[in-house]
Structures are given as structure tokens and as C-alpha cells.
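The structure appears below as C-alpha cells.
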Amino acid sequence: MQHLLQFLLLLAMPVGSPAYHTLFAELLGTEARRKPDAGFALIESTAMAPISPPGDTPLQGKHIVLGLSGGVACYKSAELTRELIRAGATVQVVMTDAACQFITAATMQALSNHPVYTSQWDAREPNHMPHINLTRQASAVLVAPASADFIAKLAQGRADELLSLLCLARPQHSCPLLVAPAMNREMWSHPATQRNVAQIVADGAQVLGPAAGDQACGEVGDGRMLEATELRDELIAFFQPKLLSGRTVLITAGPTFEAIDPVRGISNHSSGKMGFAIARAAAEAGAQVTLVAGPVHLPTPRGVRRIDVVSARQMLQAVLPLASQHQVFVATAAVADWRPATEQEAKIKKDGSGQVPALALVENPDILATVAGLPIAQRPWCVGFAAESHDLVRHARLKLERKGVPLIVGNIGPATFGQDHNTLVLVEQEQETQLPTADKLTLARQLVAQIAQRLPALQMAKPA
Ligand code: CTP
């Protein structure tokens, strides 16, 4: 009862406030105390390494030169400018003459809050060299939309107007080039365009998209520019450290649903958000990611392979053959512990007598423990989650032993189910590491970094 009251209080408090931390610490089973000069911190009885959250503006400090070449997709670049700025970036827009036919420089200046450059002869630069000045402090050049003609110019290294000129003149080591193609499907699939795209990739450019779908000309196919939010996320991913490059990661996420009859079942409140955030963070970090998801309504993170399942047994069936093909297994799914012993083929009906049906349950297989029990050569490095209501660290430690895994990530289930934020404690044999309250993607990136740190030792320990 006391814990229930504490949860309700916790949910009503501002996330991250000192009072929130104090109450959270009580639920964790850890002690909270105020450091004299360093704000508020959770102090665990054993080794505890606090890590501060990086904030919710992932492009903070990034200076993006956004180049527009001619195409209907220029309308998306207006929204893209806003998305990049919202994510913390500063945006300097450069437009070709053709781009100015589709959207005005005035619009792009208003949205980016910086004068737009359209000519290499722009006299505003004291040295008359905008093609040099614009990229020297830039974090990246993103050309969106990139027309077939503009990609051809890049492939040939031509420089007869400002945008292609600055792409050629940019310092390649410090200012990467990203290109978001936008064109008719026939133009995209033409061997000349494909040859040019291959050439710019060979020269170091990163090509984002294109997507397939309806085109401005009325045709349907490959060549649509990615949406503004997709391009924003691609850019965010581009800047993440590639800590899991070359690694393979298998993740379970969401609840499972155990059918009682065709219309009813047993499930839980897991939203899948934490597991999906980890899938996204692992993909951003360069891993090949497979996500086995229970019934949730979440979009698949870009670049992630997703397998949808419903029940615990289906989840196990999907995971087992994949486990040995992956180096890391992160079990975030809130797997239903029990399922009805028999699934009724027809809906169970009330007969008006007031009698309730007897529901016999049987235990579901433990997916994490099964994977952790595989022979060492087939076993990925396993990370479990513990969703507890109280005494988090103690219960997480018990799970570490019981499931035979090197790392259990503990969280207070009722405080995080369906929420966008969470607080994690990493429990290992020798230590506990606190990841303070933050949004789930921020925590997922921190967790991915923590997992990456632990992998080399594991690789060396594994037989070849
Ligand atoms: N897990 C699993 N298969 C199950 C049950 C749990 O793979 N049948 C995994 C979860 O994905 C999580 C970890 O085991 O990574 C712990 O899950 P949790 O539900 O917290 O613990 P349980 O083992 O179910 O124990 P309890 O419900 O008693 O806390």
C-alpha cells in the first residue's frame, strides 16, 4: 500500500525535481542525499557512476549548410529547416537558381533566421568568397533536394554556381556531404543517374533515401525525397558515434498477448517505447538491428529489421534461431509470465447463471534465460530488463543471478510504462551504474554506449 501511494505521488511530481529523485531513490531501495555543491545525486551503497543526460537537442552545436537544388521537394526543405533548428542546429541555406523557382529565399531566410546565399558573387562576404567561408565552420553540408542534374555536377566535380562550388571547396575531413535525392522515378533509375550516385558515394558522400511513393508528376516509384522528420533523424543518426559499428543486436520489445479465446487475452501495459528507443540508438551507433516486437503501435526505427509477434511462445520461436546470429541480445519485452492452459476456439459466453469460467494458467517460457543458457559459442551477450515496483536494485540483482546474464537494467515499471521518460540502474556482478531520469532515447543512447564499452572484453573471451 505504501509503495502504491509512493507511485501515485511520483507520477504527480515534476520529472527530475529533487523531490522526484528522493522518492525515486526510496523506490529503488537506494539512498538519496544532497551533495553540498553539486545539486542532487543518487548515491548507491556499492560503486555507482552517475552519468549526466546530454539534453533533448541532439543537433546542439551543429552548423548545417542546407543546400537546395531545383525540385518540387523544395517545399519539404522549409519544414526540414524548422526541424533541424528545433533539434538544436543552426542552418545556413544556400539555393541554386533552379531552387529559387520552387521556393523563395525570403521564406528560407525567415525560417533559418540567416540570410540565404544564392550566388558565388555575393558581395556581402568581405573577401568575396562565400564558397570558402560557408563551409569552414560547418558540421556538414546537406543537399536536400538534390536533383539529378545536381548529382551529375557533384559526380563530375563541376563548380559553375555557388552550391556545387562550395561542395567541391568544403574541407572533406571536417565537413561531410549528405545528399537527399529527389526526382522522377525514370530519372532516378536511369543508368546515368545510378552511375553518378555510385560515383559520389565512392567520393565519400552519404546518400539519404530516396523513398518510394507518389511523385509530383503523378507517377509512383522510387525518387521521392525523404520527409523532413526522416532527414532530421538521418542527420541525428549520422552524428552519433559509431560505437556498435559492425555489431549485430537482437532486441525484444513491447508486451506479449496471451489469448484466452478469440476476443480476450492476458497482456500488460508495456508500450514498447524503451525497446524501440534502444533499437533506434543501436542502429544509430552503426549496428545491424533485429527487433522482435509484441503488439505495439510504434513506427519501426529507420534501418531496423522488425519481426512482429503476439504471444510469448511466438516471441521465443522468432528469437531462438536468430540468437546465435547476433552478438548482443537485449530483452526489454514485458513477456507475460503465464498464459491460459487452453485457448478456447470460440468466444466464451455468459450463460446468465452468474458462474465465472475457471481459468487455468501455465507458465510461459523464459526467453532471456533460454538465450542466456545457449552453449557459449551460440550465445550473444545478454542484457535483461527488470521492471519492478519496489526494491529495484535487490530484485534486479536476484534476476542477474537467476537468469545468468552479465547485465540487468532495472526500472520502476509502473512509473515508466507508456511514459516518454525513464530512470535506469545498470546492475552487474561488481557494480551498479545510475542513468538519471531522461527521455527514453537519451537513455537508450547511454545504454548503448555502456554496452559497447563492455563488448571488447567479451569478444576476446569468446572462442573464435
Ligand atoms: N523475460 C523473458 N521471458 C519471460 C519473462 C521475462 O525474456 N518469460 C525477460 C524480460 O524481457 C526481461 C527479464 O526477463 O528482460 C526480466 O523480466 P521481468 O518481467 O522483470 O521478470 P520475470 O522474470 O518475469 O520475474 P517477475 O515477474 O517475478 O519479476
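Just so you know, all these numbers are worked out from the coordinates, no wet-lab data involved. All of these numbers come straight from a predicted model, not from anything done at the bench. Every residue, glycine as well, gets a Cβ built from its backbone with ideal geometry; the counts of neighbours run over all protein chains shown.
Just for the chain, what percent of DSSP beta bridges are antiparallel, to the closest 5?
Taking every DSSP beta bridge within the chain, about 35 percent pair in antiparallel fashion.
Add -39500 (n - 2.57) for each DSSP H run of 4 or more in the chain, then divide by its residues: what number comes out at 222 nm, to the nearest 500 deg cm²/dmol?
-11000 deg cm²/dmol
What ranking do 95-103, 346-354 get when scored by the average of other Cβ atoms within 10 Å per residue, highest first?
95-103, 346-354
Just tell me which aspartates and glutamates come within less than 16 Å, Cα to Cα, of Lys399; anything on the same chain fewer than 8 places away is out.
Here the aspartates and glutamates satisfying the reach criterion relative to Lys399 are Asp337, Asp366, Glu388, Asp391, Glu428, Glu430, Glu432.
Among Leu208, Leu165, Leu68, which comes first, then next, by fewest other beta-carbon atoms within 10 Å?
Ranked by crowding around the Cβ, least crowded first: Leu165, Leu208, Leu68.
Which value, to two decimals, describes the C-alpha radius of gyration of region 63-239 once divided by 2.2 N^0.38 Å?
The value comes to 0.95.
Give, rounded to the nearest 20 debye, the magnitude of the charge dipole that region 63-239 has about its Cα centre when Lys and Arg contribute +1 at Cβ and Asp and Glu contribute -1 at Cβ.
360
Where the centre of each part is set by its Cα atoms, how far does region 248-274 sit from region 84-108, in angstrom?
43
Please give the residues of region 387-423, grouped as numeric ranges, whose backbone N is less than 13 Å from a label point set 7 Å along the Cα-to-Cβ vector of Asp56.
419-422
Along the three principal axes, how long is the chain when you take its alpha carbons, biggest first, rounded to the nearest angstrom?
Computed over the chain, the largest-to-smallest principal extents equal 81, 63, 54 Å.
Please report, in whole Å, how far the alpha carbons of region 337-464 spread along each principal axis, starting with the longest.
64, 37, 25
Gain in length, Ala202 to Gln378, computed as 0.36 nm per residue apart minus the alpha-carbon separation, to one decimal in nm?
That works out to 59.8 nm of additional length.
Based on the mean of other Cβ atoms within 10 Å per residue, sort peptides 273-286, 386-399 so the most packed one is first.
Taking the mean over residues of other Cβ atoms within 10 Å, the ranking is 273-286, 386-399.
List His173, His421, His128 from most exposed to least, where exposure is judged by having the fewest other Cβ atoms within 10 Å.
Ordered by Cβ neighbours within 10 Å, fewest first: His173, His128, His421.
Take the Cα gyration tensor of region 370-422, multiply each eigenvalue by 5, square-root it, and list the three semi-axes largest first, rounded to whole angstrom.
Its equivalent ellipsoid spans semi-axes of 25, 13, 7 Å.
Arrange Thr423, Thr433, Thr256, Thr57 by Cβ neighbour counts within 10 Å, fewest through most, would you?
Lowest count first: Thr57, Thr433, Thr423, Thr256.
If packing is taken as the average count of other Cβ atoms within 10 Å, what order do 210-222, 138-150 fall into, highest mean first?
Highest mean packing first, the order is 138-150, 210-222.
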